[in-house]
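**Q** I'd like to ask some things about the structure below.
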Amino acid sequence: MSQVAPGEPPEIVGPLARPVAVVDAGMRCTELDLLFRGDPGLPCVAVVYLDGGLGLISRDRFGQLMSGPFGYGRALWEKTPVGRTADPAPTIVDQGALIVDVCELVGRRDRVRRYDDVLVRREEGRLARVSAARLYEALADLMAQQAVRDPLSGLANRTRFLNRLTVACREEGPSIAVVFVDLDRMKQVNDSLGHNVGDRLIASAAGRLAAVAGEGDVVARLGGDEFAVLTRVAGGSRSDLSAVALGERFRQAIATPDPELPAEAHRVASVGVAVGAPGVDADTLLREADLAMYRAKEAGGGAVRVALDVGAGAERRAGAGDGVRDAIERGELRLFYQPIFGVNDGRVWFVEALVRWQHPRHGLLTPGQFLADARRAQHLPELDRWVLERACADLAAWDAALDERAPRCVNVNLTVETLRGAGLAQWVLAALRRTGLAPDRLRVELPESADLAQLQAAVEQLRELRENGVGIVLDDMGAGSATLRHLSVLPVTGVKIDRSFVAGMLDNRNDDAVVKLLGDLGRSVGVDVTAEGIEADDQLERLRQLRVPYAQGYHLGMPAPADHLTALLRTGRPRGVARVPMGRLDRPVEVGRHRL
C-alpha cells in the first residue's frame with residue numbers, strides 16, 4: 001500500500017478504507033437485526049453469496065425494512081435470508097483506485113444508492129469500506145492541496161506563492177525579500193539528456209532549495225525552471241550585504257552536486273534578490289526580483305544580483321492620500337470586461353467586470369497597485385459598490401444597443417470586507433433598481449480568499465439575493481478555501497473551475513478527472529460550470545468532450561473596455577471560439593482577490 005506523507009491527503013482510496021463486517025447470504029434477517037442493534041456504530045455489512053458474489057446492506061435501509069408498514073416489518077422478514085434484501089451490485093473498487101475516479105463512480109449511481117458505502121478490496125481478497133461522504137471530503141482536501149502545490153517538485157505553486165506574498169506585503173515586520181532562481185542552460189539538458197533527466201534536475205533543485213530555506217520561508221516553483229523563495233531579511237546600512245549573502249546561499253545550494261543525477265546535468269543558476277520597502281506591493285516585488293535575475297543571467301549566469309528598497313516612495317504614488325474614494329469622486333475608475341463563452345456555441349453568455357484606475361499622473365493602474373491602500377483605508381466596500389452599479393448600468397446599455405446579442409449576465413466580484421458588512425442584499429437590490437437591470441442578469445462572485453466561516457456569516461444575505469434572482473458564483477473551485485463543502489452551505493448557482501486544474505488537464509489524469517467531476521456535478525445539481533484560464537485550442541476541445549458548458553481565458557478574450565467588447569458582441573461569436581483580439585493590453589497577472 002502506498003504511503004502518504006504527514007499532512008498530505010491521499011490520492012487513492014486505500015488509506016481511507018475501514019474494516020467492514022462480512023456476513024453469509026444465508027444469515028436470517030433477525031440475526032442481522034440483532035447484530036445492528038448490538039453495535040450502534042456499524043454502518044453496513046458486506047454479504048457473501050454462495051457463488052462468491054458480494055452484496056451490501058446499509059444500516060439505514062435495513063432498519064426501514066425491519067420497521068415495515070405499521071411496525072410489522074420484523075414479523076414479515078425475520079426468517080428471510082439477508083441475501084434477498086442486499087444490494088446485489090454494490091460499488092467495489094481496488095485499494096489502489098484513485099479517489100477522483102471512485103467519486104465519479106459514486107456520482108453516477110442512482111439517487112437511492114448515491115450515498116451508500118463503497119466496498120474496497122485489500123490484499124489477499126480482504127474487504128473494507130469507505131463512506132461516500134468521506135470520499136467527497138478527501139476529494140475536497142485533494143483539490144485544495146493540488147491547487148497550491150506543484151506536482152513535479154512538490155513545492156508551492158505560483159498561485160500559492162503569490163497569495164502568500166500578497167499577505168506578507170501587508171504585514172508589519174522585517175523587510176520582505178523575494179529570491180528568484182532560474183536554472184541556467186536548462187534547454188541544453190533537455191536536448192542532450194532528455195526531458196526525463198530535466199524533470200529529475202528540477203525535482204533535485206527543488207529539494208536543495210527547500211533544504212537551505214529558513215523556517216517560515218515559502219519555496220515555490222513558478223513554472224519551467226524558475227523558482228522563488230519568500231523570506232525576510234534584516235534592514236539597516238548593511239542590507240545590501242545581507243541580500244547578496246541570501247542570494248549566494250541559494251545559488252550554492254543549486255551548485256551542490258547530486259549523486260543521483262548524471263554529471264552532465266550541470267548545476268548552475270542565476271539568482272535575483274529583491275528586498276521590499278514598507279508598503280511595497282507583491283507584483284512590484286516579484287517583478288524586480290525577476291529583473292535582478294535577468295541581470296545575473298546577462299552577466300554570464302551563475303551569479304547573484306540584488307534590488308534594494310523596492311517600492312520606496314510608494315506612499316507618494318497612487319494610494320496614500322490619493323485614494324480610491326477620491327478616484328471615485330473624480331471619475332477616474334474604469335471597468336474592463338472579460339467575456340465568458342459557451343463552449344459549444346461560441347456565444348458570449350457572461351462578462352466579468354474588472355476594475356482599473358486611470359490615474360492622472362501614473363496612467364492606467366491595475367488593482368495590485370492600489371487595492372492594498374484601499375484595504376488599509378477601509379474603502380473596499382465603496383469600491384465594490386461603484387463596480388457593481390457601473391457594471392449593471394453597462395449591461396443595461398448593452399441591452400438597449402444590442403438586444404439579444406447582449407450578454408446574459410454580468411459577473412461582479414465581491415471582497416471579503418463587503419461580505420462582512422451589513423445590508424449587502426439591500427444595496428445590491430437597490431443598485432439593480434436604479435440601473436433598471438433585472439436581478440437575474442447579475443451574478444456576484446464570492447472571493448476565493450474567504451474561508452467558509454466568513455461566507456457562512458453572509459449566507460442569509462446571499463440567500464436573500466438568490467431568492468430575488470441574483471446568481472451566486474463560487475470562484476476558483478478547488479483553490480484556497482473554495483471546496484465541495486461550500487456547495488452544501490451556500491446558495492450557489494455557478495462555479496468556476498480553478499485555472500490550475502484546467503492548465504493540467506491535458507497532461508495530468510487527476511486534473512482531468514477533477515474537471516470532469518465538476519462538470520458532471522454541475523449538470524446533476526443544476527449549477528453552471530465555467531472553466532477558467534483557457535490558453536489553447538486543445539483545452540477548449542477537451543472541455544467540449546467533458547461537456548463543460550462555459551469557458552474563460554486569455555485565449556478566448558482579454559479584459560477590455562466596454563466599447564471594445566461592444567464591437568465583439570455586434571459580430572456574434574468568434575471564429576470557432578478562437579482567440580479574440582481585444583486591443584493591445586498587457587497580459588494580466590493575479591494578486592490577491594482582484595484579477596489584473
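The values are calculated or read from the model by the stated rules, or taken from the named source; none is laboratory data. These numbers were taken from a predicted model, which means no experiment stands behind them. Backbone-built Cβ (ideal geometry, glycine too); neighbour counts: all protein chains shown. Just so you know, the surface numbers come from the protein's heavy atoms only, side chains and all, with ligands and any DNA or RNA stripped out. Shrake-Rupley method; radii C 1.70, N 1.55, O 1.52, S 1.80 Å.
**Q** Any residue in the stretch 256-265 that is of a type in the set (Ser, Thr, Tyr), in a helix (DSSP H, G or I) and in contact (Cβ under 8 Å) with a residue 12 or more places away in the chain? It would help to see each step written out before you state the result.
**A** Here is the first cut: in the stretch 256-265, the ones of a type in the set (Ser, Thr, Tyr) are 256.
Next, only the ones that are in a helix (DSSP H, G or I) stay: none.
No.
**Q** Based on this model, can you work out whether Leu383 counts as at pLDDT 95 or above, touching a helix residue (DSSP H, G or I) at 6+ places or on another chain (Cβ under 6 Å) and hydrophobic (A, V, I, L, M, F, W, C)?
**A** No; evaluated as a whole, the condition is false for this residue.
**Q** May I ask you to list pairs of residues, at least six apart or on different chains, whose Cβ atoms are under 7 Å apart, with the first in the stretch 198-225 being more than 23 Å from Lys187 (Cα to Cα) and touching a residue at least 24 places away in the same chain (Cβ under 8 Å) and the second being surrounded by fewer than 19 Cβ atoms within 10 Å (Cβ to Cβ) and not aliphatic (A, V, I, L, M)?
**A** Correct list of pairs: Val212/Arg249; Val218/Arg164.
**Q** Residues Gln358, Gln426: which one is in contact (Cβ under 8 Å) with a residue 24 or more places away in the chain, open to solvent by 60 Å² or more (accessible area, probe 1.4 Å) and farther than 24 Å from Val529 by Cα?
**A** Gln358
Matching residues to (1) open to solvent by 10 Å² or more (accessible area, probe 1.4 Å); (2) touching a residue at least 40 places away in the same chain (Cβ under 8 Å):
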residue	(1), (2)
Val351	no, yes
Leu354	no, yes
Gly363	yes, no
Thr366	yes, yes
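**Q** Return the residue satisfying two criteria in turn: it lies in the stretch 82-131 and is of a type in the set (Gly, Ala, Ser) and open to solvent by 20 Å² or more (accessible area, probe 1.4 Å), and of such residues it is nearest to Asp60 (Cα to Cα).
**A** Here is the first cut: in the stretch 82-131, the residues of a type in the set (Gly, Ala, Ser) are 83, 86, 89, 96-97, 107, 125, 128, 131.
Cutting the leftovers down to open to solvent by 20 Å² or more (accessible area, probe 1.4 Å) gives us 89, 96-97, 107, 125, 131.
Values: Ala89: 18, Gly96: 28, Ala97: 27, Gly107: 20, Gly125: 27, Ser131: 13 Å.
Among residues in the stretch 82-131 that are of a type in the set (Gly, Ala, Ser) and open to solvent by 20 Å² or more (accessible area, probe 1.4 Å), the one nearest to Asp60 (Cα to Cα) is Ser131.
**Q** Only one of (1) in a helix (DSSP H, G or I); (2) open to solvent by 10 Å² or more (accessible area, probe 1.4 Å); (3) modelled with pLDDT of 90 or more; (4) out of contact with any helix residue (DSSP H, G or I) (no Cβ under 6 Å at 6 or more places or on another chain) fails for Ser524. Which number is that?
**A** (3)
**Q** A further question follows. Please find, among Leu432, Leu402, Leu437, Leu371, the residue that is open to solvent by less than 60 Å² (accessible area, probe 1.4 Å), under 28 Å from the mean Cα position of the chain (by Cα) and of a type in the set (A, V, I, L, M).
**A** On the way: Leu432 fails: under 28 Å from the mean Cα position of the chain (by Cα); Leu402 fails: under 28 Å from the mean Cα position of the chain (by Cα); Leu437 fails: under 28 Å from the mean Cα position of the chain (by Cα).
Exactly one of Leu432, Leu402, Leu437, Leu371 is open to solvent by less than 60 Å² (accessible area, probe 1.4 Å), under 28 Å from the mean Cα position of the chain (by Cα) and of a type in the set (A, V, I, L, M), namely Leu371.
**Q** Could you check Glu535 against (1) part of a loop (DSSP other than H, G, I, E, B); (2) within 25 Å of Trp398 (Cα to Cα); (3) open to solvent by 10 Å² or more (accessible area, probe 1.4 Å) and say which number it fails?
**A** Failing condition for Glu535: (2).
**Q** In the stretch 413-423, what residues are under 26 Å from the mean Cα position of the chain (by Cα) and without any contact (Cβ under 8 Å) to a residue 60 or more places away in the chain?
**A** So the first thing to find is which residues in the stretch 413-423 are under 26 Å from the mean Cα position of the chain (by Cα), and the list is 413-421.
Leu414, Glu417, Thr418, Leu419, Arg420, Gly421, listed by residue number.
**Q** Could you please find all residues in the stretch 115-126 being touching a Gly at 6+ places or on another chain (Cβ under 8 Å) and not β-branched (Val, Ile, Thr)? Reasoning before the result, please.
**A** Keep residues of the stretch 115-126 that are touching a Gly at 6+ places or on another chain (Cβ under 8 Å), which gives 120, 122.
Matches in the stretch 115-126: Arg122 only.
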